[in-house]
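**Student:** Take this structure first; my questions come after.
The values are calculated or read from the model by the stated rules, or taken from the named source; none is laboratory data. For clarity, every value in this text was computed on a predicted model and none was experimentally measured. Here the Cβ is made from the backbone with ideal geometry for all residues, glycine too, and neighbour counts use every protein chain on show.
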Amino acid sequence: MADKKEKTEEVTFTPTGTGIRTNGEIIRSTELPDPTDKKHDELGLSDDDVIDMFEQMYLQRRFEERAMQMYQKGKFGGFLHLYMGQEAISTGTAYALNDDDDIITAYRDHGWGLVRGVSPKEGMAELYGKETGCSNGKGGSMHFANVEEHFWGGYGIVGGHIPLGGGIAFANKYKQNGRVTACFLGDGAVPQGVLHETMNMSQNWKLPCIYAVENNGYAMGTAVHRHSTGEIVDRADGFDMKKMVLNGMDVFTVYEKMKEIAADIRENSEPWFIEIRTYRYRGHSMSDPMKYRSKEELEEYEKLDPVERIKNYLLDEDIIDEDKVEEIKNGVEDKVMDAIEFAEESDYPEKEALYDHMFVEDDYPFHT
Amino acid sequence: MAELQFREAIRAAIDEEMAQDEDIFVMGEEVAEYDGAYKVTEGLLDKYGSKRMIDTPISELGFAGIGVGAAMNGLRPIVEFMTFNFAVLAADQIINHASKAKYMTGGQVNVPIVFRGPNASAGQLSATHSVSYDAMYAHFPGLKVIYTSEPADAKGLLKSAIRDDNPVLFMESEQMYGLKGEVPEEDDFTIPIGKAKVKREGSDVTVVAHGKMYHVAKQAAQQLDKEGVDVEIIDPRTVKPLDIETIVKSIQKTNRCVIVDEAHPFGGLAAEVGYLIQREAFDYLDAPVQRVTLPDTNAPFAKNLFDEWLPSPDQVIDAINTVTYRK
């Protein structure tokens, strides 16, 4: 019988500690790749585009800040997973892709809805569970959708929507319509088996799809280094898939890289796996006490706030002045307050709506 | 009419529908180059090419989900599972996504998909390859579930399933693929989902049996016929939505009922039909409803134990004797 190692060490399994990769020590340069050094005009963006981007990002931020207040006041229930800190990703992506390219994401989906045509009113009403919501009050916070504008929705089962993204891309390739699908997932979905099944088929079948991990450092309360071994982006290597890591705190970087990747996919019909490094400023959901990370870490990332960053760019480049910034902010604030009023005044769905949208036909004989 | 094997009837349904609609495609393990693990899809690769006949890796969860996504985005996938015993790996996509995407988005998407393949046991395959899943999926709102017993029903209902704009689970049996029957040949032959069929008329007792168990019930009925017992057999064909009216109508005539189901007893189709009968036909019953199901154990391998495990004609005869107070 072979010798066995003596039992000298304490047995451990999951690595311990806080902090996104470094057990609490903040070494930002290793976390975030450099942002692009290109100016907006070099990226093909007009002054107005940049102003629009700022307005959109500020809308996503303000919508959620106000939603959070309303939630805390008990105006609506359910889960509320906030996107704050990650707005450069939704915004940069939506500007980089064609309007008929397809987007699907997980449950941290408010920003994605807003950037793809869900109006603040329809979004807020959905949070309130009103019939005027984007999903008629059937989906709530986790299930914003605007399929007409190719936003296929937020999905609540971690990883569950990943093959849906693959399937949307499959149909696009089948129909040869030239559309690219962007399927976003959190770092918490990376260890789900379905990602690997979908990546394998996507590469083998050359599906026109971007699988984009929004790595915000935490799967709920479990830091990346505690839930996934190695570098996330290297998952691509096992499938011989094209890959990239990019800075998700800078909207120009997201825009530039997503545009390049989408162009490559349109040219070659091959999937990409990318890791967009970002940070979420709020807890996983509203009930999260955030004991798993340090205040210092949060503050470090708040210095990189993507909304402040684009605002400062507009000012530094003299595209707009402080007055115009205030005007935009006030306009957004009005929209969000109108949305709250709209949501509060809207009706809840009729009782009969319980049975709507179950089946295509109106006369399905429900079991009793 | 043509005499077709069960597998040929299924193939004919797929073939006829694919010929009419470019958006229909088939995906699954071994469906294309291998011609189907049970030869259901034999020849379809040659006819429709590799764009529409897609061999998948052994990734049930992944390809079921790709099917759902493709259905949301305008295609009409037929996803084959080598058996529904393996589809358990894909349950998240069937239960959480196919059946719920329309509802959660307030009706913004449809999921016109068919998940098909053999269900339940197929001889001595031990515990993991022998489970009947129709009632489990029927539990979940948003899914239609079909489990047929004869080639003509299979063809007509599969064509309806493929044309349906909702997710449909269509279940077969490895042991019935070679079974022959007369099948209508017209392209527009369909059978509506949700309609049971009186497969054998009788006046003494109603036996409800579907899928493979229909044949067990039929054997029992033939045996009892010699003894002067006139058995009516109702094959629900569709498990969900369930045609309880046809069953109740039969009980109003026979006043007795036995349900035969190749599933475990707890919470299965037999339990559900039994409940509905007491609600809808209580005053017509002359005896408590009996059921013949699998025992509450896993499937064994040993031949003698397996035979003990699977519902048999003798068990059905015993149950009929009980409800008719013959013995």
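**Student:** For segment A:249-368, give me every one of the helices (runs of 4 or more DSSP H) that falls completely inside it and has 3 or more residues that are of a type in the set (A, V, I, L, M). Full working, then the answer.
**Tutor:** Details: elements: A:251-268, A:295-302, A:306-316, A:322-345.
Per the criteria, A:251-268, A:306-316, A:322-345.
**Student:** Sort out which residues of segment B:291-323 are in a helix (DSSP H, G or I) and within 26 Å of residue B:255 (Cα to Cα), and write them in order of number.
**Tutor:** Residues of segment B:291-323 that are in a helix (DSSP H, G or I), as a first pass: B:303-309, B:313-323.
Across segment B:291-323, the qualifying residues are B:313, B:314, B:315, B:316, B:317, B:318, B:319, B:320, B:321, B:322, B:323.
**Student:** Looking at A:139, A:153, A:166, A:160 in this structure, which one is assigned to a strand (DSSP E or B), under 18 Å from the mean Cα position of the chain (by Cα), at pLDDT 95 or above and not charged (D, E, K, R)? Give the derivation first.
**Tutor:** On the way: A:139 fails: assigned to a strand (DSSP E or B); A:166 fails: assigned to a strand (DSSP E or B); A:160 fails: assigned to a strand (DSSP E or B).
Step by step, each of A:139, A:153, A:166, A:160 is checked, and only A:153 is assigned to a strand (DSSP E or B), under 18 Å from the mean Cα position of the chain (by Cα), at pLDDT 95 or above and not charged (D, E, K, R).
**Student:** Sticking with this one: Run down A:154, A:159, A:178, A:165 and say which single residue is of a type outside the set (Phe, Trp, Tyr) and closer than 20 Å to residue A:222 by Cα. So that I can check it myself, show each step before the final result.
**Tutor:** On the way: A:154 fails: closer than 20 Å to residue A:222 by Cα; A:178 fails: closer than 20 Å to residue A:222 by Cα; A:165 fails: closer than 20 Å to residue A:222 by Cα.
Within the list A:154, A:159, A:178, A:165, the selection yields A:159.
**Student:** Then there is this: Within segment A:74-93, is there a residue that is surrounded by fewer than 20 Cβ atoms within 10 Å (Cβ to Cβ), under 21 Å from the mean Cα position of the chain (by Cα) and under 23 Å from residue A:285 (Cα atoms)?
**Tutor:** Scanning segment A:74-93, I find at least one residue that is surrounded by fewer than 20 Cβ atoms within 10 Å (Cβ to Cβ), under 21 Å from the mean Cα position of the chain (by Cα) and under 23 Å from residue A:285 (Cα atoms), so the answer is yes.
**Student:** State yes or no: is residue B:67 surrounded by 20 or more Cβ atoms within 10 Å (Cβ to Cβ), in the same structural domain as residue B:110 (by TED's automatic domain parsing), modelled with pLDDT of 95 or more and in contact with a Ser or Thr (Cβ under 7 Å, 6 or more places away or on another chain)? First the steps, then the outcome.
**Tutor:** On the way: surrounded by 20 or more Cβ atoms within 10 Å (Cβ to Cβ): yes; in the same structural domain as residue B:110 (by TED's automatic domain parsing): yes; modelled with pLDDT of 95 or more: yes; in contact with a Ser or Thr (Cβ under 7 Å, 6 or more places away or on another chain): no.
Considered against the rule, which asks whether it is surrounded by 20 or more Cβ atoms within 10 Å (Cβ to Cβ), in the same structural domain as residue B:110 (by TED's automatic domain parsing), modelled with pLDDT of 95 or more and in contact with a Ser or Thr (Cβ under 7 Å, 6 or more places away or on another chain), residue B:67 comes out as no.
**Student:** Kindly provide the set of residues from segment B:102-117 that are at positive phi and more than 10 Å from chain A (Cβ to nearest Cβ), ordered by number.
**Tutor:** Listed by number, the list holds a single entry, B:117.
**Student:** With the checklist (1) of a type outside the set (Lys, Arg); (2) in contact with a strand residue (DSSP E or B) (Cβ under 8 Å, 6 or more places away or on another chain); (3) more than 9 Å from chain B (Cβ to nearest Cβ); (4) surrounded by fewer than 24 Cβ atoms within 10 Å (Cβ to Cβ) in hand, flag the one item residue A:176 doesn't pass.
**Tutor:** (2)
**Student:** With A:151, A:170 as the choices, which residue is aromatic (Phe, Trp, Tyr), in contact with a helix residue (DSSP H, G or I) (Cβ under 9 Å, 6 or more places away or on another chain) and within 9 Å of chain B (Cβ to nearest Cβ)?
**Tutor:** On the way: A:151 fails: within 9 Å of chain B (Cβ to nearest Cβ).
After applying the criteria, what remains is A:170.
**Student:** If the Cβ limit is 8 Å and pairs must be 6+ apart or interchain, which residue in segment A:343-368 that is within 9 Å of another protein chain (Cβ to nearest Cβ) and without any contact (Cβ under 8 Å) to a residue 12 or more places away in the chain pairs with which residue that is surrounded by fewer than 12 Cβ atoms within 10 Å (Cβ to Cβ) and in a loop (DSSP other than H, G, I, E, B)?
**Tutor:** Every condition considered, the pairs that remain are A:358/A:366.
**Student:** Select from segment B:276-290 the residues that are buried (at least 19 other Cβ atoms within 10 Å of the Cβ) and part of a loop (DSSP other than H, G, I, E, B) and list them in ascending order.
**Tutor:** In the first step, residues of segment B:276-290 are kept if they are buried (at least 19 other Cβ atoms within 10 Å of the Cβ); the result is B:277, B:281, B:289-290.
Within segment B:276-290, B:281, B:289 qualify.
**Student:** Further question: Taking residue A:100 as the residue in question, decide whether it is farther than 30 Å from residue A:169 by Cβ and out of contact with any helix residue (DSSP H, G or I) (no Cβ under 8 Å at 6 or more places or on another chain). Steps first, please.
**Tutor:** Numbers: farther than 30 Å from residue A:169 by Cβ: no; out of contact with any helix residue (DSSP H, G or I) (no Cβ under 8 Å at 6 or more places or on another chain): yes.
When the stated conditions are applied, residue A:100 does not pass them.
**Student:** Can you tell me which residues in segment B:157-192 are within 25 Å of residue B:111 (Cβ to Cβ), buried (at least 19 other Cβ atoms within 10 Å of the Cβ), in the same structural domain as residue B:17 (by TED's automatic domain parsing) and of a type outside the set (Asp, Glu)?
**Tutor:** Correct list: B:157, B:158, B:159, B:160, B:161, B:162, B:166, B:167, B:168, B:169, B:170, B:171.
**Student:** Now a separate question. Does any residue in segment B:81-101 that is away from every other protein chain (no Cβ under 13 Å) come within less than 6 Å, Cβ to Cβ, of a residue that is at pLDDT 95 or above and assigned to a loop (DSSP other than H, G, I, E, B) six or more places away or on a different chain, and which pairs are these?
**Tutor:** B:82/B:29; B:82/B:37; B:84/B:119; B:84/B:133; B:85/B:131; B:87/B:81
Let's see how each residue does on (1) closer than 16 Å to residue A:301 by Cβ; (2) in contact with a Phe, Trp or Tyr (Cβ under 6 Å, 6 or more places away or on another chain); (3) aliphatic (A, V, I, L, M):
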site: A:56; (1), (2), (3): no, no, no
site: A:90; (1), (2), (3): no, yes, no
site: A:96; (1), (2), (3): no, yes, yes
site: A:100; (1), (2), (3): no, no, no
site: A:113; (1), (2), (3): no, yes, no
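This table checks each residue for (1) farther than 23 Å from residue B:132 by Cα; (2) in a loop (DSSP other than H, G, I, E, B); (3) charged (D, E, K, R); (4) touching a strand residue (DSSP E or B) at 6+ places or on another chain (Cβ under 9 Å).
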{"site": "B:195", "(1), (2), (3), (4)": "no, yes, yes, yes"}
{"site": "B:199", "(1), (2), (3), (4)": "no, no, yes, yes"}
{"site": "B:224", "(1), (2), (3), (4)": "yes, no, no, yes"}
{"site": "B:239", "(1), (2), (3), (4)": "no, no, no, yes"}
